[in-house]
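The values are calculated or read from the model by the stated rules, or taken from the named source; none is laboratory data. All values derive from a computational prediction rather than experimental measurement. Cβ coordinates were reconstructed from backbone atoms using ideal geometry, including for glycine residues, and neighbour counts include every protein chain displayed.
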């Protein structure tokens, strides 16, 4: 019921919008039959769930990541409803609930991929199943987790404390390193777009979209903004990305061909050597590795100093896997021929990220672990100045009057041996006492 509700609300919304467009626009735009309108809505739903489709002579897989927000919110809401409706006594049941939601949702997505096929557009069954399952697992699982934490009155800040120490430290380190790379990519993209703002304005004026078309153009660019950030992140890592066949945008050089008329593409540099200012971004993986390594070992230090660099390297590997997954999500093809390859290479981004982030994280993790177990410095005793003066005066023979008086009184209280008792042999134990006194 939760999976059907999430899919049904999204599909109903798209069908309504498509019917409005079919009534307002010429019927040739969506088809003459009402069934064609429904197929267009199904295809739009599959695109919103990040399922690509094949067209004559090629495949369309470069889909905007921003479209995942709407189905993600619906699945998040369905996950919370699922947690309220079912009895889930333990937090570990979140995984079972997420899988229970993802299975039917993936089945619905695969069924709609069959329904939405036409002679021109053929949605990918494999991508529909995979994207539906992953999206429902993540978004629905977060909804279930949020509802369980609310029911048990557990704040989000205590959630990490429930996890075991080592998985928690690796999760924090990986998320921190990946977030640092994404932030560096966002800064690089916006800096490049700001420097090329005049070119972006010229492209917009050439398109002359009008008020409605301008709003749609802005929405499309906002939806593709996460893709652009991931593209820029791959540039900071080193491999760069492609914008069509035989093109490359990387720190080693830039080679571009004809580009689509999209204002945000003005941020791309011109063909030739990479801009010198952009080379500063190459420090981002090492900064990310330092942040990830420090946070990995700060919360869970290890008594074996040789193991600290190993955990830093593991943080780099997990960060590389995360960046490779983001590259797969952001890239794809746009039709055939020139634009058949667009985006970063997932295996190159993952491998180089694992090496750069892993090495820097290993070094910083060893330093952080050593600082955690470093013995504290012994305090240095410095006597007070008055004690120093007294000790110096006593050593020189000139003791203060108070000290001299105390010594004299102590000397008068010391008992002295009796010579007569020591000399009398008949006194009981006299010799012992005399000996003791003498001693």
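Yes or no, residue by residue, for (1) surrounded by fewer than 16 Cβ atoms within 10 Å (Cβ to Cβ); (2) within 25 Å of residue 201 (Cβ to Cβ); (3) touching a residue at least 24 places away in the same chain (Cβ under 8 Å):
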site	(1), (2), (3)
244	no, yes, yes
259	yes, yes, no
264	no, yes, yes
270	yes, yes, no
273	yes, no, no
279	yes, no, yes
285	no, no, yes
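Restricting the search to region 329-339, which residues are surrounded by fewer than 17 Cβ atoms within 10 Å (Cβ to Cβ) and part of a helix (DSSP H, G or I)?
First, the residues of region 329-339 that are surrounded by fewer than 17 Cβ atoms within 10 Å (Cβ to Cβ): 335-338.
Passing the criteria: 337, 338.
Matching residues to (1) touching a helix residue (DSSP H, G or I) at 6+ places or on another chain (Cβ under 7 Å); (2) at pLDDT below 85; (3) not assigned by TED's automatic domain parsing to the domain that holds residue 341:
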site: 204; (1), (2), (3): yes, no, no
site: 212; (1), (2), (3): no, yes, no
site: 242; (1), (2), (3): no, no, no
site: 248; (1), (2), (3): no, no, no
Subset of region 77-99 [surrounded by fewer than 22 Cβ atoms within 10 Å (Cβ to Cβ), within 15 Å of residue 150 (Cα to Cα) and either outside the structural domain of residue 149 (by TED's automatic domain parsing) or at pLDDT 90 or above (or both)]: 77, 80, 81
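Which one is farthest from residue 310 (Cα to Cα) among residues in region 321-358 that are modelled with pLDDT of 90 or more and over 18 Å from the mean Cα position of the chain (by Cα)? Give the steps one after another, and end with the answer.
Within region 321-358, the subset modelled with pLDDT of 90 or more is 321-330, 344-358.
Remaining after also requiring over 18 Å from the mean Cα position of the chain (by Cα): 344-345, 347-348.
On the way: 344: 28, 345: 27, 347: 22, 348: 22 Å.
Applying the filter and picking the extreme gives 344.
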